[in-house]
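The values are calculated or read from the model by the stated rules, or taken from the named source; none is laboratory data. Computed from a predicted structure; not experimentally measured. Remember, those area values only see protein heavy atoms, side chains included, never the ligands or the DNA or RNA. Shrake-Rupley method; radii C 1.70, N 1.55, O 1.52, S 1.80 Å.
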Amino acid sequence: MSESKEDKIEPIDSKYDEDPLPPPEEGDGEEPEPSADNGKDLSGLVPKDEVAWDEPPSFNKDPQDIEQSQSDGPPDAPDPGSASDLKIDLASVRTTEESMLTEARTAVAAYEELRSKVLSQQDTVFGQGATVKDLVYDGPNPGKIVETPHPFATSGEKFADEMNPAMERALLQVGSALEKLGEYIALINHSGQVYAHTDRESRFPDPPAAG
């Protein structure tokens, strides 16, 4: 007869264990619920990142319009009463931009190395599809090598159903964060171009013709 959940086994105190572990709390030992991503293939969502700029575009180029996402909504109208002198150190902006590009290249290279390794080995790394080769010593084909599934192959497949989506989800988060970093660097460059364009256009008009 199987034991019901109400029938609990009392722990046995051992004279050899001077520091026993505390008894498990309620719920310990039960099978965890599978995650929502269990068995899903999220590899198609994992982005392949790269740093597009070897050198950032010059601030002397006219700025291009930046598309806003629908969630951002229309830009707020400027307050005409809050205008003041514009002050900016474009050399400092350029230094910051180039420093962030250097950091981005390092981060993207590390991410791409990890992404390639995970996606190329995730189908076998946990023992999925593992086999055992045995040499047959008797029977009709002595000396033949027989390949059979490894006893841990099934457990590896179940574990991979949980771990592969989790790893792909982590790659998706890291890759998306790097993409946001690239967008931020592009905004820095755009800001420099806007200020430089404003400076070029901030001039007195030509004087009127004589007479």
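Can you give me the relative contact order of the range 89-201 as a percent, contacts being Cα pairs under 8 Å and 6 or more apart?
Working: 74 pairs, mean separation 35.3, N = 113.
Dividing the mean separation by the residue count of the range 89-201 yields 31 percent.
Step through the residues of the range 175-190 one at a time and calculate ³J(HN,Hα) from phi using the Karplus curve (6.51 cos²θ - 1.76 cosθ + 1.60, θ = phi - 60°), rounding each to whole Hz and writing x for Gly and Pro.
Here the 3J(HN,Hα) series is x, 5, 5, 5, 5, 5, 4, x, 5, 5, 4, 5, 5, 4, 4, 4 Hz.
In terms of Cα to Cα distance under 17 Å, which lysines are near enough to residue 133, apart from those fewer than 8 places away along the same chain?
The qualifying lysines are 144.
Please list 204, 152, 59 in order of solvent-accessible area, largest first, computed with a 1.4 Å probe with all protein chains present.
Working: 204 190, 152 145, 59 20 Å².
Final ranking, largest accessible area leading: 204, 152, 59.
Rank 184, 195, 137, 111 by accessible area, highest first, at a 1.4 Å probe radius?
Details: 184 125, 195 85, 137 185, 111 10 Å².
Greatest to least solvent exposure: 137, 184, 195, 111.
May I ask for the equivalent-ellipsoid semi-axes of the range 89-201, computed as the square root of five times each C-alpha gyration tensor eigenvalue and listed largest first in whole Å? Working shown, then result.
Values: eigenvalues 640, 35, 13 Å².
Semi-axes (√(5λ), whole Å): 57, 13, 8.
Please list 66, 12, 188 in order of solvent-accessible area, largest first, computed with a 1.4 Å probe with all protein chains present.
Numbers: 66 80, 12 155, 188 25 Å².
Ranked from most to least accessible, the order is 12, 66, 188.
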